[in-house]
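The structure appears below as structure tokens.
Bear in mind these aren't lab numbers, they're just calculated from the coordinates by the rules spelled out. Computed from a predicted model, the values in this text were never measured in an experiment. When we count neighbours, we look across all protein chains shown, and the Cβ atoms used for this are built from the backbone with ideal geometry, even at glycine.
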């Protein structure tokens, strides 16, 4: 009796901590099953994230959607060493919401949404917040993935979660150099 009560208490505590952290604990059936529809949405400034997103969509059997900025980024816009470059200015202002030129048709049909992006200044570009805020993602599983020149996810979830507060969030995954077998293994681990 005592052990059962202790185990029950520990399970409740783990679930409570997961909820407080804002990261939903998932099992295989929550993410990739035959009854759900999956979308891989991505923003790619140089093509690196597009390549990762395309591979993910193929391995997951998901629909693919490119998040297209209304005003495309030029190489000068992406110069992180220039404090007055477009990307530097946007990332310095966490309330920045660059306009998007396209939308996902019928977002309601998707249960799981992978969202891909390059890491800029240790977080997702603010255009990802624009994307998330366009839709009602309540109850959907949102799984961020990123590419990076060397940095990790940093505070990505801290800044993305408020843009879809009622979604079930999964910790971001670094897709640098992942091959199809590694992607499949990761999907199976969700």
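Data table
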| read-out | value |
| --- | --- |
| Anisotropy class of segment 90-190 from Cα gyration tensor, a/c 1.5 cut | oblate |
| Taking 73, 110, 122 and counting other C-beta atoms within 10 Å, the order from fewest to most | 122, 73, 110 |
| For 183, 100, 123, order by how many other beta-carbon atoms lie within 10 Å, fewest first | 100, 183, 123 |
| Cut-off 19 Å (backbone N to label point 7 Å along Cα→Cβ of residue 54), residues of segment 63-85 | 63-69, 73 |
